[in-house]
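Everything below concerns the one structure shown next.
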């Protein structure tokens, strides 16, 4: 270890030191969401994010209310005895202090990680020199997104139009982002919807047309991997109803509305695009996600009601003749008006009575089995 004479607290940029400490302690890139280290929880509620206004990295744990920079994080961990199985006697000795100040934490980091701090500081300085940006992009490996999570009334009001409650939105791991920086994108719109998976990774960000500064809706896909949602799940039943969508919003809105019927084991799969669909791969994905063997199932395609969506569905039908092409069936029945472009619009613009009638005719009374 390098002598502490080479690095003193007065010589250290505290923000850089905080970044280093955050990543050293949590080992997650900026933009990560994960389960709280302070409380046992099923749904991840702890985040690392970059605050562009303060030009610094912070954590926020919604389960405990703790919030701060990397130095504050280490202090909370020590003070609250959340040492994560740490056997380091120096940390244990530090935790015995009755009063623990930021100065104590900074001194501890420098004394014990001086070589790593120096290397990290050099790397960050080089990045700032090359890019001219103080934003810690290099920490977010492989262009991980940098974002801030915030809450406003517009977020929940937007989903009310689609019959989604605040409780259901939280269950589905949907959050409002007040800022997003990813590759060439820098968004600070009034409403940026962030869709996360169960592991806490941001999968896609969506800016609705009415909240876009240029009047066009925006989809920013972070991870081009399918995402699976379950509704009315009953592991004792062996029959499953699998719905395939191109978009995440169509999935959650349609399946949430369907979950209010008596139908069980509703599984919505968002492929994030209406590309060539391999049904067998979808079934394998669902099997891994729900950790259960699927003995009997029906596959419904719910792509958009426009020409592109219909064309893609017809291509799937050539190879998989036993699927139920919901979008084609509804168009053929003339129940899709010009204002209804996709599955979420169907729920938004149809009355509850009309929606129930559609579900009954095309899904509840369906006798077709894909397998």
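The values are calculated or read from the model by the stated rules, or taken from the named source; none is laboratory data. Keep in mind that this is a model prediction, so the values were computed, not measured. Positions of Cβ are generated from backbone atoms using ideal geometry, with glycine treated the same way; all protein chains shown enter the neighbour counts.
Is it the case, given these coordinates, that residue 61 is in contact with a strand residue (DSSP E or B) (Cβ under 7 Å, 6 or more places away or on another chain), at pLDDT 75 or above and exposed (fewer than 15 other Cβ atoms within 10 Å of the Cβ)? For residue 61, the condition - in contact with a strand residue (DSSP E or B) (Cβ under 7 Å, 6 or more places away or on another chain), at pLDDT 75 or above and exposed (fewer than 15 other Cβ atoms within 10 Å of the Cβ) - is not met. The number of residues in segment 59-72 that are part of a helix (DSSP H, G or I) and either within 20 Å of residue 180 (Cβ to Cβ) or out of contact with any helix residue (DSSP H, G or I) (no Cβ under 6 Å at 6 or more places or on another chain) (or both) comes to 1.
Residue 328 fulfils the conditions (1) out of contact with any helix residue (DSSP H, G or I) (no Cβ under 8 Å at 6 or more places or on another chain); (2) surrounded by fewer than 21 Cβ atoms within 10 Å (Cβ to Cβ); (3) not in a strand (DSSP E or B) except for a single criterion, (1).
Inspection of segment 355-364 finds no residue satisfying the criterion of being assigned to a loop (DSSP other than H, G, I, E, B) and buried (at least 17 other Cβ atoms within 10 Å of the Cβ).
If you go through segment 235-258 one residue at a time, do you hit one that is within 29 Å of residue 61 (Cα to Cα) and at pLDDT below 90? Within segment 235-258, none of the residues are within 29 Å of residue 61 (Cα to Cα) and at pLDDT below 90. For residue 89, the stated conditions hold: it is at pLDDT below 75 and either touching a strand residue (DSSP E or B) at 6+ places or on another chain (Cβ under 6 Å) or assigned by TED's automatic domain parsing to the domain that holds residue 31 (or both).
Name every residue in segment 184-205 that is assigned to a strand (DSSP E or B) and out of contact with any helix residue (DSSP H, G or I) (no Cβ under 7 Å at 6 or more places or on another chain), in order of residue number. Steps first, answer last, please.
At the first step, the residues of segment 184-205 found to be assigned to a strand (DSSP E or B) are 185-187, 192-196, 202-205.
Result: 185, 186, 187, 192, 193, 194, 196, 202, 203, 205.
Do we have residue 202 as surrounded by 23 or more Cβ atoms within 10 Å (Cβ to Cβ) and not assigned by TED's automatic domain parsing to the domain that holds residue 285 here? Yes, satisfied.
Only one of the numbered conditions (1) in contact with a helix residue (DSSP H, G or I) (Cβ under 7 Å, 6 or more places away or on another chain); (2) loosely packed, with under 13 Cβ neighbours inside 10 Å; (3) at pLDDT 80 or above is violated by residue 97, and that is (3).
For segment 14-58, the set of residues classified as within 22 Å of residue 120 (Cα to Cα), in contact with a strand residue (DSSP E or B) (Cβ under 9 Å, 6 or more places away or on another chain) and in a loop (DSSP other than H, G, I, E, B) consists of 28, 29, 30, 31, 32, 52, listed by residue number.
Here is a yes/no grid of residues against (1) in contact with a helix residue (DSSP H, G or I) (Cβ under 6 Å, 6 or more places away or on another chain); (2) assigned by TED's automatic domain parsing to the domain that holds residue 169; (3) surrounded by fewer than 15 Cβ atoms within 10 Å (Cβ to Cβ):
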| residue | (1), (2), (3) |
| --- | --- |
| 247 | no, no, no |
| 264 | no, no, no |
| 288 | no, no, yes |
| 303 | yes, no, no |
| 313 | yes, no, no |
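Beta carbons closer than 6 Å, at least 6 apart along the sequence or on distinct chains, never pair a first residue in segment 320-336 that is in the same structural domain as residue 250 (by TED's automatic domain parsing) with a second that is surrounded by fewer than 16 Cβ atoms within 10 Å (Cβ to Cβ) and modelled with pLDDT of 95 or more.
Does residue 307 satisfy the criteria of being out of contact with any strand residue (DSSP E or B) (no Cβ under 8 Å at 6 or more places or on another chain) and at positive phi? Spelling it out, it is not the case that residue 307 is out of contact with any strand residue (DSSP E or B) (no Cβ under 8 Å at 6 or more places or on another chain) and at positive phi.
Going through segment 166-183 one residue at a time, which ones are surrounded by fewer than 19 Cβ atoms within 10 Å (Cβ to Cβ) and assigned to a helix (DSSP H, G or I)? Matches in segment 166-183: 166, 167, 168, 170, 171. Considered as a group, the residues in segment 289-322 that are under 22 Å from residue 239 (Cα atoms) and over 29 Å from the mean Cα position of the chain (by Cα) include one that is modelled with the highest pLDDT, and that residue is 317.
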